[in-house]
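Undergrad: Dropping a structure here in structure tokens format, bear with me for questions.
Laboratory data are not the source of any read-out in this text; all were calculated from the coordinates shown. Since we're looking at a predicted model, the values are computed, not measured. Positions of Cβ are generated from backbone atoms using ideal geometry, with glycine treated the same way; all protein chains shown enter the neighbour counts.
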Amino acid sequence: MESTKPRTRLTGIAAAIVCACLAFTLTACGTSGVSSSEASSSASSSAASSQSASSSAELPSVTAGTAPDKADITIDETIENSADGEHAIEADGTTDSYSNVEVVKTGDSDSGDEADFYGDNATIFATNGATLNLSNIVVESDGTHANGVFSYGEGTTVNISDSVIETEGNCSGGLMTTGGGTMNASNLRVLTSGNSSAAIRSDRGGGTVNVDGGVYATSGTGSPVIYSTADITVSNAYLESTASQGVVVEGKNSVTLNDDTVVADNNTKNSDKSDVYQAVMIYQSMSGDAANGEASFTMNGGSLTNANGDVFFVNNTVATITLNKASIVNNGDGAFLRAAAAGWGNEGSNGGQVTLKATAQTIDGDMVVDDVSNLNLYLADASTFTGAINSDGEAGDVYVELAGGSKWVLTADSYITSLTCDADSIDLNGHTLYVDGQAYSAGTASTGTAIEVVVSESTGNGPGGEPPSGGAPSSGSAPSGGAPSSGGTPPDKPSGSSSSSKPN
């Protein structure tokens, strides 16, 4: 093990750690005004201020999936830090390696921006082009804004494998990446119980996150397993949320799932911004934490099980959803896909513009597209869709294209704008399909035109670009005012300020 950074350490295989019990008021993960959220129904600052660390749930108890337990890891050394704003391990422009260590962090950050953008108070922190290699370690944090392992800045890379990360405080993600950093993780067990504490988390400036294998679970409010303002790829992993979404993508960013198992039970609201629960949410908060543009969610193989509400919910952004041979089960009472306005963006132009591409895919459930949203639905390679689209009547524009032997079986009357299909592609099943106001005749081929999708780089899904007043709180994301709403890149670290010391 090598490192050039000073740190506080206790040596010994069985060092005793005593954690102080800290009482504080949570004012949301950001520190001012409006900020983005790790929840579809993100808390307002006033709602968040009524919660405290003591309200956090216990760490998830996950028996599914394959990942190391703490008992599996041999500990030769314990490194701890309890000072507010500091780190237990920091790599600043260096190449450092750690293995077989226990890393313990208590203490808080009193600045959401410093913690969420720059890594203040993170348990393990890498910055300024550092390369930090971590293997067979245990990371435990219990403090506000005490993220587990943090990679900040272009050229910074964290490689972590065969390890356990547990965070118990609010606004304390497991893996955190901002400012263009890189995070490579394999075979981890990451458990978080705090509010706004995604297991795989990013913030302003994003970066690249690659995860292979392991177990990732959350139990706090506003704590999806994945919160993306970055390009995040997760493969061969088990992902579970017991209060929040499974996945959230904000702005011009992406999540790709390859052969993963996702179990999501979004059942707790902390604001009135959204009326629905969902397993996957794609949106733009307009806070400046994510650049504007086309969002992306891709699922190749694997499974997604939703316990409550909708499977997919898209609002105030342009999004492409790609599904390829994924098993998707909706045990909730909502739609398979809902593209609709919510409490983000400017009223009248804050719906979802969705392109859904399905290949060899089975889709069961309805689709709802409100009058400020639109949908291009492409079914290919013998995909099947059993459900209705806008069964309550005409609303947003919808184009449906069925190719390669794909089928649509209606479960209720449906209303779309344009249709491309072969003569045997649609089974009306006793219902009526209205295409641009006209009833479709069973057994006929059709040729239609896709809906033009407008991708704006300067605003959300409509004109304006100002965050809504009293808007979304932080997920560990930046409050508005830190950067323009078209941004997504954190400003430079203020001169004379160190992210490893308590902010002034």
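Undergrad: Which shape class, rounded, prolate or oblate, goes with the stretch 209-336 when its Cα gyration tensor gives a ≥ b ≥ c as root eigenvalues, a/c under 1.5 marks rounded, and past that a/b bigger than b/c marks prolate?
TA: In terms of gyration-tensor shape, rounded.
Undergrad: Another question about this same structure. Order 151-160, 426-435, 185-194 from most to least packed using the mean count of other Cβ atoms within 10 Å. If you can, show how the numbers build up before the last one.
TA: Details: 151-160: 22.7, 426-435: 16.5, 185-194: 27.0.
Most protected by this proxy first, the peptides run 185-194, 151-160, 426-435.
Undergrad: Related question: Tell me which residues come under 5 Å, amide H to amide H, from Val139 once H is placed; ignore anything under 5 positions away on its chain.
TA: For Val139, whose amide H was placed from the backbone, the distant partners under 5 Å are Val103, Val164, Ile165, Glu166.
Undergrad: Rounded to whole Hz and in sequence order, give me ³J(HN,Hα) for the stretch 278-295 from the Karplus expression 6.51 cos²θ - 1.76 cosθ + 1.60, θ = phi - 60°, writing x for Gly and Pro.
TA: Result, rounded to whole Hz: 6, 8, 10, 10, 10, 7, 10, 7, 6, 8, x, 7, 9, 4, 7, x, 7, 8.
Undergrad: Name the long-range amide H neighbours of Glu86: under 5 Å, sequence gap of 5 or more, or other chain; modelled H, no Pro or chain starts.
TA: HN-HN under 5 Å from Glu86: Asn121.
Undergrad: Further, regarding this structure: Starting with the fewest neighbours, write out Thr447, Thr417 ranked by other beta-carbon atoms found within 10 Å of each beta-carbon. Present the calculation step by step, with values, prior to reporting the outcome.
TA: On the way: Thr447 9, Thr417 22.
Lowest count first: Thr447, Thr417.
Undergrad: In nm, what is the difference between 0.36 nm times the number of residues separating Thr66 and Thr233 and their Cα-Cα distance? Don't skip to the end; give the middle numbers.
TA: Details: separation 167, 0.36 × 167 = 60.12 nm, distance 1.81 nm.
Contour length minus the Cα-Cα distance gives 58.3 nm.
Undergrad: If I model a spin label as a point 7 Å beyond the Cα along the Cα-Cβ vector, how far apart are those points for Asp76 and Ala439 in nm?
TA: If labels sit at Asp76 and Ala439, their model points lie 7.8 nm apart.
Undergrad: Could I ask something else about it? Kindly state, to the nearest 0.05, the FRET efficiency for Glu452 paired with Glu347, given R0 = 25 Å and r defined as their beta-carbon distance.
TA: Efficiency computed from Cβ-Cβ geometry: 0.65.
Undergrad: Could you derive backbone 3J(HN,Hα) for the stretch 363-369 from the dihedral phi with the Karplus parameters 6.51, -1.76 and 1.60 (θ = phi - 60°), listing whole Hz in sequence and x where the residue is Gly or Pro?
TA: Calculated HN-Hα couplings, in order: 10, 10, x, 7, 10, 10, 10 Hz.
Undergrad: Oh, and also: Taking H placed 1.01 Å from N in the peptide plane, check which residues at least 5 places from Asp427 or on another chain put their amide H under 5 Å from its amide H.
TA: Under 5 Å from the amide H of Asp427 lie the amide H atoms of Trp408, Val409, Leu410, each far enough along the sequence or on another chain.
Undergrad: Could I ask something else about it? From the phi of every residue in the stretch 408-416, what ³J(HN,Hα) in whole Hz does the Karplus formula 6.51 cos²θ - 1.76 cosθ + 1.60 yield, where θ is phi - 60° and glycine or proline is x?
TA: 10, 9, 6, 10, 6, 4, 9, 10, 10
Undergrad: Just how far, in whole angstrom, is the stretch 147-184 from the stretch 255-315 if you go by their alpha carbon centroids?
TA: 21
Undergrad: From a point 7 Å beyond the Cα of Thr95 in the direction of its Cβ, which residues of the stretch 151-178 have a backbone N at a distance under 16 Å?
TA: In the stretch 151-178, the label zone of Thr95 (backbone N under 16 Å from the point 7 Å along Cα→Cβ) covers 155-160.
Undergrad: Shifting gears a bit: What's the FRET efficiency of Asn210 with Ala382 using the Cβ-Cβ distance as r and R₀ = 25 Å, to the nearest 0.05? The partial results should precede the final answer.
TA: Details: r = 31 Å, r/R0 = 1.25.
The pair Asn210/Ala382 has a calculated efficiency of 0.20.
Undergrad: What is the distance, in nm, between label points placed 7 Å from the Cα along the Cα-to-Cβ direction at Ala423 and at Asp392?
TA: Label-label distance for Ala423 and Asp392, simple model: 3.8 nm.
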